[in-house]
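Down below is the structure, laid out as structure tokens.
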């Protein structure tokens, strides 16, 4: 019996725990190279972007505790990355031939807690071909991280780009400067802004509180002189998505077939 269910999802591999073991950590290897470690959840996604065409060995090592001891269970599967030409002929070029530019916006309808898929969501702003800035929650309130990890954690996402490159570049420049000032604040013992969804803090206020989609709002408002419209309550990833879709100033580059929000926040 296999402990894990493996599903090919285009640019991603879905890995789902199908056993009853109370695993508390999971480590994944591709061709004997460690690529990810998780400490909670039952469903995980690994990106195939960057792997050469052909067959690759996926190894999974999961641990659970029994009688005060760490017990490992290991399992191996093979995954296949097709030739790019065959991928393009199947209509997957929007996944496999994607590029990322400063100011691109990623909006996900799933979060790390998959029970909240379609409700909470997440978002980030791209600042270079392989880096983005996001507010993942908690402390630190803002981080610069790889685009790849976003794709792995948030496969149910949409990818938007401003039609004017300068607009995106200016928004990305603001996000980088904003992050730099935040890090200087922390170094000086000043925790500003904090991660918070407080409705008492205006969107225009960058230093009291921040969250993922507010970061996008601020970056475009102050960096590119562009104002996204908020309908009510906080400016959520759902609000961001509905500002971006059918927007003459932005284009949709990619949308996962299971992307979507269930409620209007």
Of residues in the range 206-228 being touching a residue at least 60 places away in the same chain (Cβ under 8 Å) and either out of contact with any helix residue (DSSP H, G or I) (no Cβ under 9 Å at 6 or more places or on another chain) or over 15 Å from residue 105 (Cβ atoms) (or both), the one surrounded by the most Cβ atoms within 10 Å (Cβ to Cβ)
214
Scanning the range 229-264 residue by residue, the ones that are farther than 13 Å from residue 162 by Cα, free of Cβ contacts under 8 Å to residues at least 60 places away in the same chain and in a loop (DSSP other than H, G, I, E, B) total 9
Could you list, in sequence order, the residues of the range 15-33 that are outside any strand (DSSP E or B) and crowded, with 16+ Cβ neighbours inside 10 Å?
19, 23
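Residues are listed down the side, and each one gets a yes or a no for (1) more than 19 Å from residue 110 (Cα to Cα); (2) part of a strand (DSSP E or B); (3) in contact with a strand residue (DSSP E or B) (Cβ under 7 Å, 6 or more places away or on another chain):
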{"residue": "2", "(1), (2), (3)": "yes, no, yes"}
{"residue": "6", "(1), (2), (3)": "yes, yes, yes"}
{"residue": "13", "(1), (2), (3)": "no, yes, yes"}
{"residue": "35", "(1), (2), (3)": "yes, yes, yes"}
{"residue": "40", "(1), (2), (3)": "no, no, no"}
{"residue": "58", "(1), (2), (3)": "yes, yes, yes"}
Identify, by number, the condition in (1) more than 29 Å from residue 99 (Cβ to Cβ); (2) in contact with a helix residue (DSSP H, G or I) (Cβ under 6 Å, 6 or more places away or on another chain); (3) in a helix (DSSP H, G or I) that residue 174 doesn't meet.
(1)
What's the number of the condition residue 136 fails, among (1) at pLDDT below 90; (2) closer than 21 Å to residue 235 by Cβ; (3) outside any loop (DSSP other than H, G, I, E, B)?
(3)
Members of the range 8-24 that are more than 24 Å from the chain's Cα centre (by Cα) and more than 17 Å from residue 37 (Cα to Cα):
18, 19, 20, 21
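The values are calculated or read from the model by the stated rules, or taken from the named source; none is laboratory data. On a predicted model such as this, the values are computed, not experimentally measured, just so you know. Every residue, glycine as well, gets a Cβ built from its backbone with ideal geometry; the counts of neighbours run over all protein chains shown.
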